[in-house]
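Each remark here refers to the structure printed beneath this line.
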Amino acid sequence: MLEKNFVEVYDKFKLNFYRRIFELVREREGSLSAMEAFSLEVIKMLDEPTVGQFADFLNISQSNATYKVNSLIRKGYLERQNSSVDRREYHLVLSEKFYNYAGLLSSYEMTVMERIKERFSTEDVEKFDNMLAVISKELMRLQEWFALLMGYLLKKIIVNLKSKQLKDRMITVV
């Protein structure tokens, strides 16, 4: 029962995440590719990483990461901020354009939190909060979670692209 309920809640949050990604990828001036949208999500989750940290996390080359970062800076979704500790180093900071464009200050999570507070006692909410903190800090390693999520998402994208290519081929044959 726990597993089923956890997967159901997790799937609902994933669906909301996918909706936000597709909002980012819409065809319009300065729109983002799917990989750029995912890159921004990674940068958001890493909380102002350096380019090196971003590259290491995604297991890509520094030059590949720099290329992606420069593209996002040119489009206005990302900014460089000098480190207060080492002025030679800079951190990647999401711009106001990112938050405005994507609507990532989503009310979905806040709505769920408000419903939890309304439905359950203060004691239950505090216990749930403590459980989430333990899950986040001790039971899940961010890289493991993200690797699983990215693998899943990439498989879905590839399947969708192959399906679209197959449909396109079928249309040209008919």
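The values are calculated or read from the model by the stated rules, or taken from the named source; none is laboratory data. Please read all numbers here as calculations on a predicted model, not as lab measurements. Cβ coordinates were reconstructed from backbone atoms using ideal geometry, including for glycine residues, and neighbour counts include every protein chain displayed.
Of note:
- Of the helices (runs of 4 or more DSSP H) lying entirely inside the range 33-111, those containing at least 3 residues that are surrounded by fewer than 13 Cβ atoms within 10 Å (Cβ to Cβ) and more than 14 Å from the chain's Cα centre (by Cα) are 62-74.
- Selection from the range 81-118 of residues that are among the acidic types (Asp, Glu) and either closer than 18 Å to Asn70 by Cα or modelled with pLDDT of 80 or more (or both): Glu89, Glu96, Glu114, Glu118
- Among the residues making up the range 112-128, those that are surrounded by 11 or more Cβ atoms within 10 Å (Cβ to Cβ) and either touching a strand residue (DSSP E or B) at 6+ places or on another chain (Cβ under 6 Å) or without any contact (Cβ under 8 Å) to a residue 12 or more places away in the chain (or both) are Val112, Met113, Glu114, Lys117, Phe120, Asp124, Val125, Glu126, Lys127.
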